[in-house]
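The values are calculated or read from the model by the stated rules, or taken from the named source; none is laboratory data. This structure is a prediction, so every number in the text was calculated from the model and none was measured. Cβ placement follows ideal geometry from the backbone for every residue including glycine, while neighbour counts extend to all protein chains displayed. For the accessible areas, the whole protein counts, side chains as well, though only heavy atoms, and no ligand, DNA or RNA atoms are used. Shrake-Rupley method; radii C 1.70, N 1.55, O 1.52, S 1.80 Å.
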Amino acid sequence: MVSGDSGVTRVVVVGAGIAGLAAAHHLADRPGVGVTVCESGPKVGGKVRTEDFAGVTLDLGPDAFLARRPEAVTLCRELGLVGELVPPATSSAFVWARGRLRRLPEGLVLGVPVRWGALARSRVLSPSGLARATIEPVLPGRKLGADEALGAVVRRRLGDQVHRTLVDPLVGGINAGDTDRLSIDMTAPVLAAAARGRRSLVRGAREVSAPGADRGGPAFLTLPGGLSRLVEVLVARLEASGVEVRTGAAVAAVERPDEGGYRLRMVSGALVEADAVIVAAPAYGAAPLLAPHAPTAAEALAGIEYASVALVAMAYPAPALPRRLDGSGFLVARGEGRLMSACSWASSKWAHLDPGDQVVLRVSAGRAGDARVESLDDDALVTRLSLELGLALGIGVPPSEVRVTRWARAFPQYAPGHLGRVAATEAELHRRLPGLALAGAALAGVGIPACIASGRRAADRVLASREDALRPTR
Ligand SMILES: Cc1cc2nc3c(=O)[nH]c(=O)nc-3n(C[C@H](O)[C@H](O)[C@H](O)COP(=O)(O)OP(=O)(O)OC[C@H]3O[C@@H](n4cnc5c(N)ncnc54)[C@H](O)[C@@H]3O)c2cc1C
């Protein structure tokens, strides 16, 4: 990697989602590094989007992040936001299974039950499903070897019902995916470690969930102003550090001029010179940029499937609900045949979203293997979801306010072997495109902390190749 005439290493970040912004943040203020972020859309933040809805400030993409991983909390601390973080008002949740809402039992590790008493009392499984699950610790079998589909591992050990009613709604819900096609290593590393440490998945999961096994504190946190506040404060900090953040700046091609470095050809026709590039776009957006230089890596990225979802915000007058919403919401088991995949009771889940006189719901629809949502227009989607809410919660009136947000190709689907393919892709890029690194949800996880981690890692890679380039050759 070379540096420009000024001696400054010019890094261009493609994509201003949380991963790209985290990468820029990690590079900002480094002596001798100049950073430009190019975002194709009219706004920064990517999937992070907060809007005013029904009198509250509502997240229409992610509404919280995992607090038991350090990256998002650390970023909030660096930005002076940590004092604003709040946990959910409740951690209790339901699943729509076997025909009605059932409260999820305590003692689940990504849906794998580790407390038989709580599981039995919850009646979330039928008696035969419960009986099948409880023989797991004495079932013969081998420890987990290579990566596998999460669904296959869970069904083999605990039976169909635990898979269908607990693990698939939870882990499939997080990823808008089908756990029969999702890698256990990627989507449930805790369960993968449990299944590698012991023959019994339940015993292994019990160990990782034992008191003291985690750092305590709330599992999730958010910002009462919505997660866009994180993005706004982050961008303000970047700009104060001299980082240029451009919107409406779609990168059409990454070129390698003879004189070295990179040249980014914008859709507008403008050219941006760079010494290093971080591509923090979704995999299907990154692939064409890399294809001329690293075809195998581009093919691997293009091969990552994505699921499209719709997030439908709905407000109801509080008296329209026949039952008190005493939890954070419910997940929907795939076999129920519903269009909705989850319903977050936003005004019960978050104290700051409870205006008292109304109820705000965030209803999710669409997941891998279920593309019905894409064929419905907004009116049909809302009608269908309202009907399902009537069945689940007994609501008999239409919502007083609705907002449909469509997230096309939003959730990467991590097929078994994903981590190996990512490692091979990054190795090819390292060989062929020194000074170019990837970031974003497609690589190492859909959650905001994982995306921040991927951005920081990409920034570190770029800095390392700069060090290599500056090192005197003998
Ligand atoms: C409805 C929904 C709910 C979610 N809930 C949660 C949650 O509660 N907690 C959680 O942790 N995660 C959640 N997620 C997942 C999380 O929001 C995403 O995985 C994460 O925000 C992705 O960040 P990213 O930076 O990788 O990608 P993105 O946010 O997709 O950003 C990529 C950016 O690159 C830009 N781009 C693409 N191509 C180009 C180009 N050629 N030139 C310039 N720019 C380009 C795009 O416009 C986009 O802004 C949710 C996601 C959705 C959709």
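Quote the charge dipole size of the chain about the Cα centre in Debye, to the nearest 20; the model charges only the Cβ of Lys and Arg (+1) and of Asp and Glu (-1).
Approximately 1960 debye in magnitude.
Please report, in cubic angstrom per residue, the volume enclosed by the convex hull of the alpha-carbon atoms of region 294-340.
Residue-normalised Cα hull volume stands at 148 Å³.
For region 408-440 and region 103-127, what is the separation of their Cα centres, given in Å?
36 Å
Accessible surface of His418 in the full protein assembly, 1.4 angstrom probe, to the nearest 10 Å²?
10 Å²
For region 306-412, what does the relative contact order come out to in percent, with C-alpha contacts under 8 Å and a separation of six or more?
45 percent
Can you give the charge dipole size of region 381-452 about its Cα centre, rounded to the nearest 20 debye, using +1 on the beta carbon of Lys and Arg and -1 on the beta carbon of Asp and Glu?
The dipole magnitude comes to about 200 debye.
Of all the C-alpha pairs in region 52-107, what % are more than 20 Å from each other?
Above the 20 Å cut-off, region 52-107 has 50 percent of its Cα pairs.
Which helices pass in the chain if a helix is a full DSSP H run, must span at least 30 angstrom along its long axis by Cα, and must have mean Kyte-Doolittle hydropathy not below -0.5?
Span-like helices in the chain: 448-470.
Report the relative contact order of the chain, percent, no decimals, based on alpha-carbon pairs under 8 angstrom and at least 6 residues apart.
Normalised by residue count, the contact order of the chain is 24 percent.
Excluding same-chain residues fewer than 8 positions from Lys47, which aspartates and glutamates have a Cα within less than 12 Å of its Cα?
Within the straight-line cut-off, Lys47 pairs with Asp59, Asp63.
Evaluated at 10 °C with a viscosity of 1.306 mPa s, what Stokes-Einstein diffusion coefficient in µm²/s does the chain have when Rh comes from the Kirkwood expression over alpha-carbon pairs? Before the final figure, lay out each step's value.
Numbers: Rh = 23.5 Å.
Once the numbers are plugged in, D ends up at 68 µm²/s.
Please list, short to long, the whole-number percent of alpha-carbon pairs of region 104-209 in consecutive 10 angstrom bins beginning at zero.
17, 55, 27, 1
Show the residues, 5+ positions off or on another chain, whose built amide H is closer than 5 Å to the amide H of Trp96.
Hits under the 5 Å cutoff: Arg102, Leu331, Val332, Ala333.
Going highest first, how would you order 376-386, 188-198 by mean Cβ packing within 10 Å?
Numbers: 376-386: 16.5, 188-198: 20.1.
Sorting 376-386, 188-198 by mean packing, highest first, produces 188-198, 376-386.
Place +1 on the Cβ of every Lys and Arg and -1 on the Cβ of every Asp and Glu in region 306-412, take the dipole about the Cα centre, and give the residue among Ala320, Tyr306, Leu387 whose Cα lies farthest towards its positive end.
Tyr306
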